[in-house]
1. Using all Cα-Cα distances in region 1-148, what percent lands in each 10 angstrom bin from 0 up to the longest?
2. Taking the simple approach of a point 7 Å from Cα along Cα-to-Cβ for both Leu18 and His122, what is their distance in nm?
3. With a 1.4 Å probe and all protein chains kept in place, how do His68, His200 rank by accessible area, largest first?
4. Before I look further, what does region 3-124 give for accessible area per residue, probe 1.4 Å, in whole square angstrom?
5. If you average the alpha carbon positions of region 81-118 and of region 1-17, how far apart do those two centres end up, in angstrom?
6. Would you calculate the volume per residue, in Å³, of the smallest convex hull containing every Cα atom of region 43-125?
7. Expressed as a whole percentage, what fraction of the accessible surface of region 1-87 belongs to carbon and sulfur atoms when a 1.4 Å probe is rolled over the protein heavy atoms?
8. Between Glu188 and Asn72, what is 0.36 nm times their sequence separation minus the Cα-Cα distance? Round to one decimal in nm.
Amino acid sequence: MPYIALTAGEQRLHVPKLVIGADGWIEYRHPTPFDRYPDYEVLLTRTLGTVPSGRPDGNTLSPFRQAHCMINLLCQGCGAPAAISPEGWRLWVLRATSRTGGPAATTGHTDMPPSCARCALHWCPVLGKAGRKLLWVAEAELVGILGTLFPPVTGQVMPEKLVLLDNELELSAAVTTRFVRNLQRVREADPAVVAELARHQPLPAQAGAVPDLPAALTAGPQTLGRTR
């Protein structure tokens, strides 16, 4: 099961009642520690169910697990560290064809985290029939989020859009589904080299483990807002 894919146990993405916090940022009326990724202020979309189990949905990503992998450069398939080339470039697996049928872009914005060597060689239901392209990426700056904007900033609910991390006004009104990196300095990876890396890849002690929450979030109820 791809680590970042939403599962049947989580049912679907869900945005419950929103309120405006004391700092002017939107938050859920009944906040939980997993509403925001540790050290990041953006509000994450919730899932209706809370237990990852059952069949994965290849069309929807778990907001928290996608953030975990994207922020920490972990594998989208298993949550282990992404593969790194001898030059220090990380391995990405992207669509080979675009949704219009032509070749897909290999640089620019992506909401897909990197991959370990072992998962890069496995069929991925998230990519489906689009095919895949193995890429070494030298630069992958975390630049923004994809999310829906809610009042008070917009006055009305706005369709999902890219919000850059330096746009505090829009971030304060955004409910996030995915983090986004900007891939630059990219070259194709030799599948034979990736296969060799996979053969020597150790099994993680706890693949896909979520990070420990900061003490401030586990200490008790509080108003969640900007945390950095």
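The values are calculated or read from the model by the stated rules, or taken from the named source; none is laboratory data. Predicted, not measured: the structure shown is a model, and the values here were computed from it. Every residue, glycine as well, gets a Cβ built from its backbone with ideal geometry; the counts of neighbours run over all protein chains shown. Surface areas here come from the heavy atoms of the whole protein model, side chains and all, with no ligands, DNA or RNA. Shrake-Rupley method; radii C 1.70, N 1.55, O 1.52, S 1.80 Å.
1. Histogram of Cα-Cα distances, whole percents per bin: 11, 37, 34, 15, 3.
2. Modelled inter-label distance: 3.5 nm.
3. Descending order: His200, His68.
4. On a per-residue basis, region 3-124 sits at 45 Å².
5. 23
6. Here the figure is 139 Å³ per residue.
7. For region 1-87, the apolar C and S fraction of the accessible surface comes to 55 percent.
8. Additional length available on full extension: 39.5 nm.
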